[in-house]
Amino acid sequence: MATLMGRKVVVVGGSSGVGLGVARAALEGGAEVVIVGRSPEKLAAAERALATDGRARSLAADMTKERDIARMFEEVGALDHLVSTAGLLPPDEPIDRAEMEVVRSFVDNKLIGAVMLAKHAMRALTAGGSMTFTSGINKDRPPVPGGAVVAAIAGSFSYFARALALELAPTRVNIVSPGWVDTPMWDIVGEAKAGFFADMAARLPAGRIATVADVAPAYIYLMESEFTTGETLRIDGGQSLI
Ligand SMILES: NC(=O)c1ccc[n+]([C@@H]2O[C@H](COP(=O)([O-])OP(=O)(O)OC[C@H]3O[C@@H](n4cnc5c(N)ncnc54)[C@H](OP(=O)(O)O)[C@@H]3O)[C@@H](O)[C@H]2O)c1
C-alpha cells in the first residue's frame with residue numbers, strides 16, 4: 001500500500017458531505033488537499049471546518065464548465081490523486097414526465113463532468129496516481145417509479161472506470177458506490193429525513209445509516225491500494241442486498 005503522506009489530493013465536491021469527509025481523512029493521512037466546488041461560501045466554511053496547518057486550500061470551479069476544469073488543474077499543478085464526489089439531487093420524475101432539460105443537466109453535472117475531469121486530470125497526475133469517482137445505491141436499488149435516470153447514470157460509472165483504467169494504465173481508476181449517507185444532500189427532505197432514515201436503518205444489515213466517516217475510508221483505500229483498479233467498491237451497509 002502506498003501512503004498519502006505528502007501527496008496532493010484534489011477532492012471535487014470537497015466542500016460538503018462525503019467529499020468533505022474524504023478531505024478530512026486525507027489530511028489525517030498526511031496529504032495536502034485541494035477542495036473544489038462551485039460555491040465560494042461553502043468552500044470557505046469547509047476550509048474553516050477542516051482547520052489545518054495550511055495543508056488544505058480551496059478552489060471554486062464548476063465541473064460542468066470545461067474552462068473551469070482546465071483552469072482548476074492549471075492552478076493545482078501536478079497532483080497525485082483526484083477524487084470526485086460532486087453531484088446534485090437526481091431527477092425523480094417517472095419516465096413519462098421526464099423533462100429533457102432536467103435530465104440533461106443531471107447527466108451533464110454527474111457524468112459528463114466526471115469525463116471532463118478525467119480528461120484534464122490525466123495530464124496532471126503523477127506516476128502511481130489515481131482517480132476515484134462516485135456512483136451510488138440507486139443503480140442497485142432504484143426508487144420506483146422515478147429511478148431510471150439516476151440508475152442509468154450511476155450504473156454507467158462502473159463501466160466508465162473499467163474502460164478508463166485500461167486506457168490510462170498504470171493510472172488507476174475506481175468508483176465508490178455509497179448507500180444512503182447522512183449528508184446535507186438530504187436537507188431537501190426537511191423533517192421527513194428522520195422518518196426515512198429510521199425506516200431504512202431498520203431494514204439495513206448494518207442497522208443504521210452511514211455517516212461520512214463510514215464512507216471516506218473507502219476513498220482512502222482506493223487511493224492507497226496500488227493493486228486496485230477498474231473496481232466499484234460498495235459502501236452501503238448491505239443496502240444492495242435487501
Ligand atoms: N448522500 C447520499 O445518501 C448519497 C447516496 C448515494 C450516492 N451519493 C453520491 O455521493 C456524492 C456526494 O453526495 P453528498 O451527499 O456528499 O452531497 P453534498 O453534501 O450535497 O455535496 C455535493 C458536493 O458536490 C459539489 N458540486 C455539485 N455540483 C458541482 C459542480 N457542477 N461542480 C463542482 N462541484 C459540484 C457541491 O458543492 P457546490 O454545490 O458548491 O458546487 C458539494 O461540495 C454525490 O455524487 C451523490 O450522488 C450520495
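The residues of region 172-231 expose on average 50 square angstrom of accessible surface per residue, using a 1.4 Å probe on protein heavy atoms.
Helix 212-224 versus the longest principal axis of the chain: what is the Cα-based angle in degrees, 0 to 90, to the nearest 10? Roughly 40 degrees between the two axes. Within region 154-186, find all residues whose amide N lies under 20 Å from a label point positioned 7 Å from the Cα of Ala202 along Cα-to-beta-carbon. Only 180-182 fall inside the zone, counting backbone N under 20 Å. For the chain, lysine pairs separated by 8 or more sequence positions, or belonging to different chains, with Cα-Cα distances below 17 Å total 4.
Would you work out the charge dipole size for the chain about its Cα centre, treating the Cβ of every Lys and Arg as +1 and the Cβ of every Asp and Glu as -1, and quote it to the nearest 20 debye? Write down the numbers at each step before the final one.
Working: 24 positive and 28 negative charges, 61 e Å.
Approximately 300 debye in magnitude.
Label point of Met185 set 7 angstrom out along Cα-Cβ; within region 1-45, amide nitrogens under 20 Å from it belong to 10-26, 35-40, 42-43. Summary value for the chain: 21 percent relative contact order, contacts being C-alpha pairs under 8 angstrom separated by 6+ residues. Taken over the alpha carbons of region 122-162 as equal point scatterers, the Debye sum produces base-10 log I(q)/I(0) values at 0.20, 0.27, 0.28 Å⁻¹ of -0.63, -0.87, -0.91.
Here the gap between Thr52 and Met5, fully extended at 0.36 nm per residue and compared with their Cα-Cα distance, gives a gain of 15.5 nm.
The share of accessible area on region 26-97 that comes from carbon and sulfur is 48 percent, using a 1.4 angstrom probe. Taking Cβ atoms as reference points and 12 Å as the exclusive limit, the residues near Gly54 contribute a net charge of -1, counting Lys and Arg as +1 and Asp and Glu as -1.
Multiply the residue gap between Asp108 and Ala44 by 0.36 nm, knock off their C-alpha separation, and tell me the result in nm, one decimal place.
Working: separation 64, 0.36 × 64 = 23.04 nm, distance 2.55 nm.
Roughly 20.5 nm would be gained on extension.
Rounded to the nearest angstrom and listed largest first, the equivalent-ellipsoid semi-axes of region 46-184 from its Cα gyration tensor are 28, 18, 15.
Please give me, ordered by residue number, the GluC sites (Glu not before Pro) of region 86-173 that lie in loop per DSSP and have at most 15 other Cβ atoms within 10 Å. Intermediate values should be presented prior to the final figure.
Values: sites: Glu99, Glu101, Glu167; in loops: Glu99.
In loop regions of region 86-173 (DSSP not H, G, I, E or B), the sparsely surrounded GluC sites (Glu not before Pro) are Glu99.
Put simply, the C-alpha atoms of region 157-242 give a gyration tensor, and the ellipsoid matching it has half-axes of 30, 13, 11 Å, longest first.
Taking 1.306 mPa s as the viscosity and 10 °C as the temperature, the Stokes-Einstein diffusion coefficient of the chain based on its alpha-carbon Kirkwood radius rounds to 88 µm²/s.
One Cα centroid belongs to region 58-111, the other to region 165-242; the line between them spans 19 Å. Rounded to the nearest 10 degrees, the inclination of helix 113-124 to the longest alpha-carbon principal axis of the chain is 10 degrees. Helix 40-50 and the long axis of the chain differ in direction by around 80°, with both axes built from C-alpha atoms. Could you tell me what percent of the accessible area of region 123-242 is made up of carbon and sulfur, with a 1.4 Å probe and every protein chain present? Looking at region 123-242 in its full context, I get 61 percent from C and S.
The values are calculated or read from the model by the stated rules, or taken from the named source; none is laboratory data. Computed from a prediction, not measured in an experiment: that's the story for all the values here. Note that each Cβ is placed from the backbone with ideal geometry, even for glycine, and that neighbours are counted across all protein chains shown. Ligands, DNA and RNA are excluded from the accessible area calculation, which covers all protein heavy atoms including side chains. Shrake-Rupley method; radii C 1.70, N 1.55, O 1.52, S 1.80 Å.
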